[in-house]
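Novice: Quick one: the structure is below, questions incoming.
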């Protein structure tokens, strides 16, 4: 069910995401702390999201009309009823565009067929009802930090132990639509809607 924002709003900035379980988020928070230590040498400056904000984005919608939320709710419910819960493994790390010129530091996701099918089915459903979204290629990841500046190989060295690490497994049992509010203290996320993935015995 959609949790409608304040009635005086015409648009909301929104995205679809998969949440990470609390234990895994805590472990990723420790990884963020290690990256913070790389700043002690004063050769880099990072913006690290709060641990509770860590998530995997499936589709970024941008600013959408509040009036479209009910249709989105109905559309996505038809998608998720065909998916059973699944597990997702976080493995490896890297940077966009690369470790030599890092702008975003991320943790990767081991290939997961169910995740890619869910991403594709959601895209097809959104296109069918003319809901616009960012259609760039899907590279599943969780953003650990954004790089404001970095000198030399400071961050490459800090990331080296993480490149092939397995961070853990998280169960995926629902899809969430978040509202993102950009504030002076960083992004504030609130849940607009969530849809459970049906158990295998109920999935078509």
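The values are calculated or read from the model by the stated rules, or taken from the named source; none is laboratory data. Just so it is clear, the structure is predicted and the values come from calculations on it, not from any experiment. Methodologically, a virtual Cβ is constructed for each residue, glycine included, from the backbone with ideal geometry; neighbour enumeration extends over all protein chains shown.
Novice: Can you tell me which residue within the stretch 132-162, out of those that are crowded, with 18+ Cβ neighbours inside 10 Å and part of a loop (DSSP other than H, G, I, E, B), is nearest to the chain's Cα centre (by Cα)?
Specialist: 140
Novice: Next up: Which of (1) closer than 22 Å to residue 147 by Cβ; (2) part of a loop (DSSP other than H, G, I, E, B); (3) in contact with a strand residue (DSSP E or B) (Cβ under 9 Å, 6 or more places away or on another chain) does residue 98 not meet, given it meets every other one?
Specialist: (3)
Novice: Would you check if there is a residue in the stretch 161-175 being under 19 Å from residue 80 (Cα atoms), in contact (Cβ under 8 Å) with a residue 60 or more places away in the chain and out of contact with any helix residue (DSSP H, G or I) (no Cβ under 9 Å at 6 or more places or on another chain)?
Specialist: Taking every residue of the stretch 161-175 in turn, at least one turns out to be under 19 Å from residue 80 (Cα atoms), in contact (Cβ under 8 Å) with a residue 60 or more places away in the chain and out of contact with any helix residue (DSSP H, G or I) (no Cβ under 9 Å at 6 or more places or on another chain).
Novice: In the list 62, 108, which residue meets the criterion of being under 25 Å from residue 158 (Cα atoms) and in contact with a strand residue (DSSP E or B) (Cβ under 7 Å, 6 or more places away or on another chain)? Walk me through it before giving the result.
Specialist: Numbers: 62 fails: under 25 Å from residue 158 (Cα atoms).
Checking each option against the conditions leaves just 108.
Novice: Could you please find all residues in the stretch 54-68 being over 18 Å from residue 3 (Cβ atoms) and surrounded by 15 or more Cβ atoms within 10 Å (Cβ to Cβ)?
Specialist: 54, 56, 57, 58, 59, 60
Novice: Continuing with this model, one more query. Kindly indicate the residue of the stretch 111-121 that is within 15 Å of residue 56 (Cβ to Cβ) and in contact (Cβ under 8 Å) with a residue 40 or more places away in the chain and also surrounded by the fewest Cβ atoms within 10 Å (Cβ to Cβ) among those meeting that condition.
Specialist: 114
Novice: Just wondering, is there one or more residues in the stretch 28-41 that are surrounded by fewer than 16 Cβ atoms within 10 Å (Cβ to Cβ), within 22 Å of residue 138 (Cβ to Cβ) and at pLDDT 95 or above?
Specialist: no
Novice: Looking only at residues that are surrounded by 16 or more Cβ atoms within 10 Å (Cβ to Cβ) and within 18 Å of residue 168 (Cα to Cα) in the stretch 69-88, which one is farthest from the chain's Cα centre (by Cα)?
Specialist: 86
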